[in-house]
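Trainee: The structure is given below, and queries will be raised subsequently.
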Amino acid sequence: MIKTIIAGPCSVESREQLRSVTEALATMPRVGLVRAGVWKPRTRPGGFEGLGEPALQWMQAFSKEYGVRYCCEVATPDHVALCQRYGIDTVWIGARTTGNPFMVGELCEALRGSAMQVMVKNPTSPDVRLWLGAIERLRQCGIADISAVHRGFDMYHNLGYRNAPLWEVPMTLRREMPEVPLLCDPSHIGGNRELVAPLVQTAAQFDFDGLMVEVHPDPDAALTDGPQQLTVDAFAELLDHLVPLSSHLSPLNAQQLVPLRRQIDDIDHEMLSLLARRMEMSRQIAYIKRDLNLSVYQSDRWADVLADRLSMASGLGLDADFTRALLEKIHAESMRVQLDDQA
């Protein structure tokens, strides 16, 4: 269930901008932390790259004035030291940094012995091991208060999002580390403010523990990531319409779900049995291809199979992208089996 709400601008652009958004968010009891980017190196040079230490000075002053807590991204040990100097007790490690174990190690040493809360965004690539590894390194340095933040992944095809959600990756992290709170960053996943609310509801369906949403007093004039930031009013409306969901079954709900879940279990067992039979057919084909001196990959055959199965899936009402991905995965495993048997 979503309990933690973090909101604020992508980056601190001025004292007035920070005061405006802080004053508004301070009136929202559900907002526990105000996010504010202080260092914003861009993918390509020439853009606004953050205000650095002056922004931290304003955050310290407004924290006392409005009774709020701030958090910001850190990417170097110097960033950590400055946050500590100005009383910022919560930081996050960004996606690019999470993907670099060397930098994570340096940050861990800078954080060692502190009581700071650290949030770890997923790496840009869908490699859950890097994400897990960053959390493990923080634990080894004595950091106890750690959360994970899902902000999507940079793929060749991002499925209409800025960063492809690939919900199965954060679910894998949750399975490996169920004790680590899992937050969703719908702003960076969507890249478009129109996608934020639907992504928030999806995160609720996946039982995320919290949200990190970008909110700006005037998004169209923002110096960074304007299209994905919500106005204060739009954010307030989003919170009002956030449907609370429970991950716990009542006895009545269990009675309704158990029979259907048993049918799903039976279907899964049948699918796995069929997949095992299919791989056995692949092994037999491998022996014949070896005797006939044929390559494992037969492009014409695969093209025909894929077209036929996609046509069939369409008639059955199955999603084309899902079906293609599933068939390609099965085909890749079939080729691996054939290569192993020809070795």
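The values are calculated or read from the model by the stated rules, or taken from the named source; none is laboratory data. Here the structure is a predicted model, which is why all the values come from computation and not from measurement. Cβ placement follows ideal geometry from the backbone for every residue including glycine, while neighbour counts extend to all protein chains displayed. Surface areas here come from the heavy atoms of the whole protein model, side chains and all, with no ligands, DNA or RNA. Shrake-Rupley method; radii C 1.70, N 1.55, O 1.52, S 1.80 Å.
Trainee: As a test question: what accessible area, to the nearest 10 Å², does HIS241 have when a 1.4 Å probe is rolled over all protein chains in place?
Mentor: About 120 Å², ignoring ligands and nucleic acids.
Trainee: Need the C-alpha centroid separation for region 186-206 versus region 294-343, integer Å.
Mentor: Each part's Cα centre sits 32 Å from the other's.
Trainee: Local charge sum around GLY105 (other residues, Cβ-Cβ under 12 Å, Lys/Arg +1, Asp/Glu -1)?
Mentor: -1
Trainee: For the chain, set up a Gaussian network in which alpha carbons nearer than 10 Å are linked by springs, and say which option among LEU316, LEU257, LEU25 fluctuates the most.
Mentor: Highest fluctuation among the options: LEU316.
Trainee: Please find, in a Gaussian network model of the chain (springs between Cα atoms separated by less than 10 Å), the residue of ARG112, ARG283, ARG85 whose mean-square fluctuation is greatest.
Mentor: ARG283
Trainee: Only helical DSSP H runs with n ≥ 4 go in: add -39500 (n - 2.57) per run for the chain, normalise by residue count and round the 222 nm mean residue ellipticity to 500 deg cm²/dmol.
Mentor: -17000 deg cm²/dmol
Trainee: Still on this structure, I have one more. So how do ASP220, ASP268, ASP340 rank on accessible area, 1.4 Å probe, biggest first, that is with the largest at the start?
Mentor: Most to least solvent-accessible, the answer reads ASP220, ASP340, ASP268.
Trainee: Another question about this same structure. Assuming R0 = 30 Å, what is the FRET efficiency of ALA276 and MET171, from their Cβ-Cβ distance, to the nearest 0.05?
Mentor: 0.75
Trainee: With r defined as the distance between the Cβ atoms of MET28 and ALA144 and R0 fixed at 25 Å, what FRET efficiency is calculated, to the nearest 0.05?
Mentor: E between MET28 and ALA144, to the nearest 0.05, is 0.35.
Trainee: What percentage of the solvent-accessible surface of region 201-343, computed with a 1.4 Å probe over protein heavy atoms, is contributed by carbon and sulfur atoms?
Mentor: Here it works out to 56 percent.
Trainee: Would you list, by chain and number, the aspartates and glutamates whose Cα falls below 19 Å from the Cα of LYS329, excluding same-chain residues fewer than 8 positions away?
Mentor: ASP127, GLU168, ASP268, GLU270, GLU280, ASP300, ASP304, ASP308, ASP319, ASP321, ASP340, ASP341
Trainee: Now, a different point. If you take the alpha carbon radius of gyration of the chain and divide it by 2.2 N^0.38 Å, what ratio comes out, to two decimals?
Mentor: Normalised Cα radius of gyration, the chain: 1.19.
Trainee: Counting only heavy atoms of protein chains, what accessible area per residue, in Å², does the chain have with a probe of 1.4 Å?
Mentor: I get 54 Å² per residue for this part.
Trainee: Find the Cα radius of gyration of region 103-175, compare it with 2.2 N^0.38 Å by division, and give the number to two decimals.
Mentor: Values: Rg = 13.4 Å, N = 73, 2.2 N^0.38 = 11.2 Å.
For region 103-175, the normalised Cα radius of gyration comes out at 1.19.
Trainee: Jot down the per residue volume, in cubic angstrom and as a whole number, of the convex hull over the alpha-carbon atoms of region 204-343.
Mentor: Expressed per residue, the convex hull around the Cα atoms of region 204-343 is 233 Å³.
Trainee: Same structure, new question: Hey, how much of the P(r) for region 59-183 falls beyond 26 Å, as a percent of Cα pairs?
Mentor: The answer is 23 percent, as a whole percent.
Trainee: What FRET efficiency comes out for LYS289 versus TYR66 if R0 is 51 angstrom and r is the Cβ-Cβ distance? Round to the nearest 0.05. Display every interim value, and only then the final one.
Mentor: Details: r = 71 Å, r/R0 = 1.39.
The value I calculate is 0.10.
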